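*Asks:* I have a structure I would like to understand better, so I am pasting it below and will then ask my questions one at a time.
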Amino acid sequence: AMPEQFVLTEERQSLEVEAGLLQEVLEAILHHILFHRSLAGKAVVPKEMHLLDELFYVKCEDPKIDKEVRDAVATACKALRKQERGGRLCLILYERVSSGMWGERKVGPWEEWILHVVVRTEPAFGHREELLRRRELESRVREILWRVHNIVNSYRKHLPKEGIMDNSSVCYPFEIKDPSKPSQGGMLAGVGNILAKAVSDQKVHNVSL
């Protein structure tokens, strides 16, 4: 089965973020998704975080997840700053699946989240425009976080019944792909690019704003 795919922002309506806020905003969105896809029955410790002026999000209190997200987003930010028209950030969640006549266990993707992002590099013309930009960004990010909340409550049938790679994990194995690389690890050492499947067969949910 192909992974479910949720497009939070399309290329023509990319999320525009000031360069100085890029790391913080992307981390917030990714952590919000990972928290809401954390494993049922696990002792997931929620941590409320403050973003910008009036935004709050929740993440898993887990140092390993924290580092994976921070490092992957830092790499993505470098790539996005080099792309004038922005790029696509992709969060992929994995499970263990049976394959072949002997029932071998392998890693396979079951869900993808897509976010198109553009970095704003031109300075604001004065305090008023800077304030308007900040309010616009807050509104857009708030809508995305709320959209994530609605999606995880609405789409449940495709959730894996098994597939945990590590009994100590509070989250499914994940990978964060930045615009410059075909694949990079996120709690998936040695997996490689296993996404060479027909994307056209995916169940794509365009939930962009």
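*Asks:* Scan segment 42-57 for residues that are of a type in the set (D, E, K, R), in contact with a strand residue (DSSP E or B) (Cβ under 9 Å, 6 or more places away or on another chain) and modelled with pLDDT of 70 or more and report the count. Spell out the reasoning first.
*Replies:* Within segment 42-57, the subset of a type in the set (D, E, K, R) is 42, 47-48, 53-54.
So of that shortlist, the ones also in contact with a strand residue (DSSP E or B) (Cβ under 9 Å, 6 or more places away or on another chain) come out as 42, 47-48.
So of that shortlist, the ones also modelled with pLDDT of 70 or more come out as 47-48.
So the answer is 2.
*Asks:* Give me the pairs, please: first residue somewhere in segment 74-86 and closer than 14 Å to residue 26 by Cβ, second residue anywhere and open to solvent by less than 40 Å² (accessible area, probe 1.4 Å) and hydroxyl-bearing (Ser, Thr, Tyr), beta-carbon distance under 6 Å, and either six or more positions apart or on two chains.
*Replies:* That search, which allows pairs on different chains as well, returns 86/14.
*Asks:* May I ask you to verify whether residue 17 is open to solvent by less than 80 Å² (accessible area, probe 1.4 Å), of a type outside the set (Asp, Glu) and free of Cβ contacts under 8 Å to residues at least 40 places away in the same chain?
*Replies:* So residue 17 does not fit the description; no.
The values are calculated or read from the model by the stated rules, or taken from the named source; none is laboratory data. Computed from a predicted structure; not experimentally measured. Ideal geometry is used to build each Cβ from the backbone, glycine not excepted, and the neighbour counts take in all protein chains shown. The protein model used for the area step is the full one, side chains on, heavy atoms only, and it has no ligands, DNA or RNA in it. Shrake-Rupley method; radii C 1.70, N 1.55, O 1.52, S 1.80 Å.
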